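*Asks:* Could you have a look at this structure, given as structure tokens, before my questions?
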Amino acid sequence: MTSTIPDTSATSLLRFATAGSVDDGKSTLVGRLLHDAKSVLADQLEAVEHASRSRGHDAPDLALLTDGLRAEREQGITIDVAYRYFATPRRRFVLADTPGHVEYTRNMVTGASTAELAVVLVDARNGVVEQTRRHAAVAALLRVPHVVLAVNKMDLVGYAESVFAPIAEQFAAYAASLGVPEVTAIPVSALVGDNVVTPSAHMDWYGGPTVLEHLESVPVVADPTAAPARFPVQYVIRPRTAAHPDYRGYAGQLASGVLRVGESVTVLPSGRTSTVAGIDALGTSVDVAWAPQSVTVRLADDVDVARGDLIVPTAGAPAPVRDVEATVCHVADRPLRVGDRVLLKHTTRTVKALVKAVPSRLALDGSPAISQHPYPGELAANDIGRVVLRTAEPLALDAYADSRRTGSFLLIDPADGTTLTAGMAGPAFAADTPLATADDEDWDL
């Protein structure tokens, strides 16, 4: 059976995240977007109207559509990441509504890690503030390709272009310094609904798209053939039945790229080579598989392949390494210190590792440019910094800038399995250079 790579442009899925400082109206923007896009069920709207009346509001407080935790509703802030799924005739969406407060930076990293677009909200009365820069930096770190600056509460500044323009210019300059490839600034009033789903009648000086129009039209469908194939092995299938006495397949999800029958491949980290003899998808043999399909790959040679191995095209195969330089966001309450022994989970492979150095910690304190505190010795919860790790076994890591799937990893506490840190291999920002090679000391792993 011959398989062809489908054209999904008509039914494409956009994953996007929202972020904004406390009281900038982010939850109201999301609620307005869902409400005006007709993506709110009648019983949900009725519950919001009832809760709004009990709080003394004359109109429904649309922020309650996303602030689902009791603590969020009581404090009027977003704490956890809230995922919402909705669709329009033009596109399907997965929305990650992330917290804005500094102590929940790790939650924003979680929500934006798979996003193709980030909506950063600012209050038109306050302009670009410390948290705005923090959110732009996180979007740049995570290599989010599209950023929308939503300048909210334009109704409170008289819908003045003279207020909007300098905010948009300042943010665009800051984002460009971080290597953000694209910024679209949109003036909105989430409370009233201006430029969220329908164009505003109060800002005839603005001729750009509404928030929803931009979300529906931004190009996000990537060509799977453009990225090199990466197939992490999750499970080895050997049924040993009378019908399949010699069957051996390697099951997993294709992280990127395309694999074809007859292609020369290398198994990493061992470096053994073979040829793709067959690909099985849902019990049917196919000639080609593309990300993110889950398939079983059969090889022509009887080579040693186990869970955690990575099958890649022989041409351009990444070189396995044991010294890993990365940017990380520390998510655990206990600090990450030099000398800590951890587990490093990369795709389906988990190895022992040791923290050799913490060369810097990013100072996201609202200064006009990103600065770094050199050699802090440790990273506390919500800190973003650079680390150098030594692993007990080689890893086939891509740079995060090249592949968000195979360039990312987790650091795990070997004692209790707690996730400590989310890591991104390679330089921190697009304009950065890699760290200097760490000293080759005799670390006992």
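*Asks:* In the stretch 317-363, which residues are among the charged types (D, E, K, R) and surrounded by 18 or more Cβ atoms within 10 Å (Cβ to Cβ)? Full working, then the answer.
*Replies:* In the first step, residues of the stretch 317-363 are kept if they are among the charged types (D, E, K, R); the result is 322-323, 325, 333-334, 337, 340-341, 345, 349, 352, 356, 361.
Of everything in the stretch 317-363, those that are among the charged types (D, E, K, R) and surrounded by 18 or more Cβ atoms within 10 Å (Cβ to Cβ) turn out to be 325, 340, 345, 349, 356, 361.
*Asks:* Take the conditions under 24 Å from the mean Cα position of the chain (by Cα) and at pLDDT below 95 and apply them to residue 176. Does it pass? Even if it seems obvious, please write down each step before you answer.
*Replies:* Values: under 24 Å from the mean Cα position of the chain (by Cα): yes; at pLDDT below 95: yes.
The answer is yes for residue 176.
*Asks:* Keeping to the stretch 278-294, report how many residues are more than 27 Å from residue 423 (Cα to Cα) and surrounded by 14 or more Cβ atoms within 10 Å (Cβ to Cβ). Walk me through it before giving the result.
*Replies:* As a first pass, look at the stretch 278-294 and keep what is more than 27 Å from residue 423 (Cα to Cα): 278-289.
Pick out the ones that are also surrounded by 14 or more Cβ atoms within 10 Å (Cβ to Cβ) and you get 278-281, 286-289.
Residues in the stretch 278-294 being more than 27 Å from residue 423 (Cα to Cα) and surrounded by 14 or more Cβ atoms within 10 Å (Cβ to Cβ): 8 in total.
*Asks:* Scan the stretch 11-39 for residues that are on the phi > 0 side of the Ramachandran plot and without any contact (Cβ under 8 Å) to a residue 60 or more places away in the chain and report the count.
*Replies:* Going through the stretch 11-39 one residue at a time, the tally reaches 1.
*Asks:* Quick check on my filter: what residues within the stretch 108-156 are within 15 Å of the chain's Cα centre (by Cα), farther than 20 Å from residue 407 by Cα and not hydrophobic (A, V, I, L, M, F, W, C)?
*Replies:* Listed by number, the list holds a single entry, 135.
*Asks:* Going by the conditions given, is residue 390 among the basic types (Lys, Arg) and in a loop (DSSP other than H, G, I, E, B)?
*Replies:* Taking the combined requirement at face value, the residue does not satisfy it.
*Asks:* Filter the stretch 295-316 for residues that are β-branched (Val, Ile, Thr) and touching a residue at least 40 places away in the same chain (Cβ under 8 Å); which is surrounded by the fewest Cβ atoms within 10 Å (Cβ to Cβ)? Walk me through it before giving the result.
*Replies:* First, the residues of the stretch 295-316 that are β-branched (Val, Ile, Thr): 295-297, 303, 305, 311-312, 314.
From the residues that got through so far, the ones that are touching a residue at least 40 places away in the same chain (Cβ under 8 Å) too are 295-297, 305, 311-312, 314.
On the way: 295: 20, 296: 22, 297: 22, 305: 21, 311: 25, 312: 25, 314: 14.
Checked the stretch 295-316; the qualifying residue surrounded by the fewest Cβ atoms within 10 Å (Cβ to Cβ) is 314.
*Asks:* Evaluate the following for residue 230: is it touching a residue at least 12 places away in the same chain (Cβ under 8 Å), within 31 Å of the chain's Cα centre (by Cα) and under 17 Å from residue 395 (Cα atoms)? Before you say what the answer is, go through the steps one by one.
*Replies:* Numbers: touching a residue at least 12 places away in the same chain (Cβ under 8 Å): yes; within 31 Å of the chain's Cα centre (by Cα): yes; under 17 Å from residue 395 (Cα atoms): yes.
Against the criterion (touching a residue at least 12 places away in the same chain (Cβ under 8 Å), within 31 Å of the chain's Cα centre (by Cα) and under 17 Å from residue 395 (Cα atoms)), residue 230 qualifies.
*Asks:* Now for a different question. If residue 265 meets every condition in (1) in a loop (DSSP other than H, G, I, E, B); (2) surrounded by 15 or more Cβ atoms within 10 Å (Cβ to Cβ) apart from one, which number is that one?
*Replies:* Unmet for residue 265, out of (1) in a loop (DSSP other than H, G, I, E, B); (2) surrounded by 15 or more Cβ atoms within 10 Å (Cβ to Cβ): (1).
*Asks:* Follow-up question, since we're still on this one. When only residues in the stretch 233-246 that are in contact (Cβ under 8 Å) with a residue 12 or more places away in the chain and assigned to a loop (DSSP other than H, G, I, E, B) count, which is surrounded by the fewest Cβ atoms within 10 Å (Cβ to Cβ)?
*Replies:* Kept after step one, since they are in contact (Cβ under 8 Å) with a residue 12 or more places away in the chain, are these residues of the stretch 233-246: 233-237.
This time we only want the ones that are assigned to a loop (DSSP other than H, G, I, E, B), so: 233-234.
Working: 233: 21, 234: 15.
Restricting to residues being in contact (Cβ under 8 Å) with a residue 12 or more places away in the chain and assigned to a loop (DSSP other than H, G, I, E, B), the top hit is 234.
*Asks:* Okay, moving on. Residues being at pLDDT below 95 and either of a type in the set (D, E, K, R) or under 16 Å from residue 200 (Cβ atoms) (or both): count how many of those fall in the stretch 126-152.
*Replies:* Going through the stretch 126-152 one residue at a time, the tally reaches 4.
*Asks:* Another one. Out of the residues in the stretch 247-257 meeting the condition of being of a type outside the set (Gly, Ala, Ser), at pLDDT 90 or above and surrounded by fewer than 21 Cβ atoms within 10 Å (Cβ to Cβ), tell me which one is nearest to the chain's Cα centre (by Cα).
*Replies:* So the first thing to find is which residues in the stretch 247-257 are of a type outside the set (Gly, Ala, Ser), and the list is 247-248, 250, 253-254.
Checking the rest, the ones that are also at pLDDT 90 or above come to 248, 250, 253-254.
Next, from what is left, pick out any that are surrounded by fewer than 21 Cβ atoms within 10 Å (Cβ to Cβ): 248, 253.
Numbers: 248: 34, 253: 18 Å.
Residue satisfying both the conditions and the ranking: 253.
*Asks:* Here's something else I'd like to know. Scanning the stretch 284-323 for residues that are more than 16 Å from residue 252 (Cβ to Cβ) and of a type in the set (Gly, Ala, Ser), which turns out modelled with the lowest pLDDT?
*Replies:* 316
The values are calculated or read from the model by the stated rules, or taken from the named source; none is laboratory data. Being a predicted model, the structure only gives us computed values, none of them experimental. A quick note on method: Cβ atoms are made from the backbone with ideal geometry, for glycine too, and the neighbour counts reach across all protein chains shown.
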